[in-house]
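Working notes, structure below.
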Amino acid sequence: MRQDHLITATQLSRDDIEAVLDRAREVAADPEAYAGRHGGTMLALCFFEPSTRTRMSFDAAAKRLGIDTIDMGDVDSSSVSKGESLADTVRVIEGYADSIVLRHPSEGAATLAAEFVDVPVINAGDGAGQHPSQTLLDLHTIRENHGLDDLTVGIMGDLKYGRTVHSLATALTNFDARQHFISPESLRLPRSVRFDLHETGAQIREHEDLEGVLPELDVLYVTRIQKERFPDENEYHRVAGQYRIDADTLEAAPDDLTVMHPLPRVDEIAADVDDTDHARYFEQAHNGIPVRMALLDTLLENAEAAEGMEVDR
Amino acid sequence: MSEHELRVSKIRDGTVIDHVEGGQALNVLAILGIDGSEGLGVSVGMNVPSDRLGRKDLVKVEGRELSQSEVDVLSLIAPEATINIVREFEVVEKNRVTRPDRVAGVLSCPNRNCITNADEPVETRFEVVADGVRCDYCSTVLRSDIAEHIDV
Ligand SMILES: [Zn+2]
């Protein structure tokens, strides 16, 4: 990966992805070799939206590389609530840190941030846009279980607002993967994502229920359907109920089906699935550490190389 | 002199936008920010027979030349348009519009949750794609509804 930032999955080529995942494999095999590799550098965690999981995952990954972290804290108590622009915030933070992890409720926030700073920016979620570091750990999980070619993936739930879905679907177009999208009519993929899929000529199919396609799948990626997406609570319960899975649902699945979820889940995957061989979502969450270590290592290496070139000039 | 040339030469100094797709003339005026209140002499021809387009619209504006960003956006809704600059009743320059790769600062993003709609010090920027434009920030695709989001 020769990029300076990680903003969307569309920027990632197959080579980029495989380079990070190869490195993640190395990290996982021998974490000691990476310990302290970036000692003396600083990572800023800027979460303009509540998050515990992603924030902790980046924090832990950074610390394992010897990177110190500073955390903007909750938005309520920061200068953001005093009306400072994002452009100003990141320009100030750039002076404190060597890289920035950003989560923000507006689509395009990370793109904007990257235009204002020279340090690497990692998009950790921009509204209903993208969440590419999640995608790298998703792909790592798929790769370790099935490989990334000749693959049939089902993605189910909130496809309209689910940023993990948007990033994963676009990244999968780099591989020989058939994609099935399973959702209620009102939560189908947005036009922006369809555009990218269409551009690459990806093979995609859309379904309103899981039943027909389940026997073909290697991977089932489940996402949460949020109550806020429905004007009416009864409608929400009726619709969400159709996209829940339990151990019985999976009776019809191939034996080696991998079930994934970006977590946190509520009740879209019943607890009895945890005991089946299909459940990989905790493994997937744990993969966040080696993958984010590999990502930070790669981006910091690129940034150092770029700086070296400037000095030479 | 043909009837067509007579038609476009009627103004003394200004711009004639010809070969606008039928039905788009009012959107052209919207792009130019012209609603009559600025006192410019404006005439609009709609559904005029045309060899090239079947039916075309035509907009003449007295005493006004177009900026590059106006021409860029114009090209999105009227890709076949020709822009005639008229001085002293003569067409002194005749240009076809060309679709730019990007348009900056002229359209607003229809996605209310796009960062460009927050109070940030950036211009909007859209990539021109096959059948519309696409926000560089949030990737929202804008097609037939372009004229509604002009923000000049
Ligand atoms: Zn936008």
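The values are calculated or read from the model by the stated rules, or taken from the named source; none is laboratory data. Every value quoted in this text rests on a predicted model; they were computed, and no experiment measured them. Every residue, glycine among them, receives a Cβ derived from its backbone with ideal geometry; neighbour counts consider all protein chains shown. Only protein heavy atoms, including side chains, enter the accessible area calculation; ligands, DNA and RNA are left aside. Shrake-Rupley method; radii C 1.70, N 1.55, O 1.52, S 1.80 Å.
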| query | What number of residues within the range A:230-282 are assigned to a helix (DSSP H, G or I) and surrounded by fewer than 15 Cβ atoms within 10 Å (Cβ to Cβ)? | reply | 11
| field | Unique match (being within 14 Å of another protein chain (Cβ to nearest Cβ), of a type in the set (S, T, N, Q) and under 15 Å from the mean Cα position of the chain (by Cα)) among A:170, A:164 | value | A:170
| Given the conditions (1) at pLDDT 95 or above; (2) within 14 Å of chain B (Cβ to nearest Cβ); (3) open to solvent by 20 Å² or more (accessible area, probe 1.4 Å), which single one is not true for residue A:96? | (2)
| So is residue A:148 surrounded by fewer than 24 Cβ atoms within 10 Å (Cβ to Cβ), more than 14 Å from every other protein chain (Cβ to nearest Cβ), assigned to a loop (DSSP other than H, G, I, E, B) and at pLDDT 95 or above or not? | yes
| task | Look through B:128, B:86 and report the one residue that is closer than 20 Å to residue B:57 by Cα and more than 9 Å from chain A (Cβ to nearest Cβ). | result | B:86
| task | Pull up the range B:122-139, narrow it to residues that are under 23 Å from residue B:24 (Cα atoms) and in contact (Cβ under 8 Å) with a residue 24 or more places away in the chain, then point me to the one that is nearest to the ligand (Cβ to nearest atom). | result | B:135
| query | What is the residue count in the range A:107-124 for residues that are closer than 22 Å to residue B:110 by Cβ, open to solvent by 10 Å² or more (accessible area, probe 1.4 Å) and either assigned to a helix (DSSP H, G or I) or more than 9 Å from chain B (Cβ to nearest Cβ) (or both)? | reply | 2
| request: Only residues that are open to solvent by less than 20 Å² (accessible area, probe 1.4 Å) and within 9 Å of chain A (Cβ to nearest Cβ): list them for the range B:139-152, please. | output: B:141
| message | For the condition among the hydrophobic types (A, V, I, L, M, F, W, C) and within 18 Å of residue B:129 (Cα to Cα), what is the one hit in B:92, B:61, B:97? | response | B:97
| query | If you take the residues in the range B:96-115 that are free of Cβ contacts under 8 Å to residues at least 24 places away in the same chain and more than 14 Å from every other protein chain (Cβ to nearest Cβ), which one is nearest to residue B:59 (Cα to Cα)? | reply | B:96
| remark: Among B:72, B:119, the single one that is closer than 28 Å to residue A:7 by Cβ, more than 14 Å from chain A (Cβ to nearest Cβ) and either within 19 Å of the chain's Cα centre (by Cα) or within 16 Å of the ligand (Cβ to nearest atom) (or both) is B:72
| task | Please state which of the following conditions residue A:87 fails to meet, knowing it meets all the rest: (1) out of contact with any strand residue (DSSP E or B) (no Cβ under 8 Å at 6 or more places or on another chain); (2) within 11 Å of chain B (Cβ to nearest Cβ); (3) buried (at least 24 other Cβ atoms within 10 Å of the Cβ). | result | (3)
| remark: In the range B:79-114, anything surrounded by 20 or more Cβ atoms within 10 Å (Cβ to Cβ), assigned to a strand (DSSP E or B), of a type in the set (A, V, I, L, M) and within 16 Å of the ligand (Cβ to nearest atom) is listed as B:103, B:107
| request: Could you tell me whether the range A:125-136 includes any residue that is more than 14 Å from chain B (Cβ to nearest Cβ) and open to solvent by 20 Å² or more (accessible area, probe 1.4 Å)? | output: no
| message | Which of the helices (runs of 4 or more DSSP H) found entirely inside the range A:1-106 contain at least 1 residues meeting this: closer than 24 Å to residue A:172 by Cβ? | response | A:14-29, A:53-64
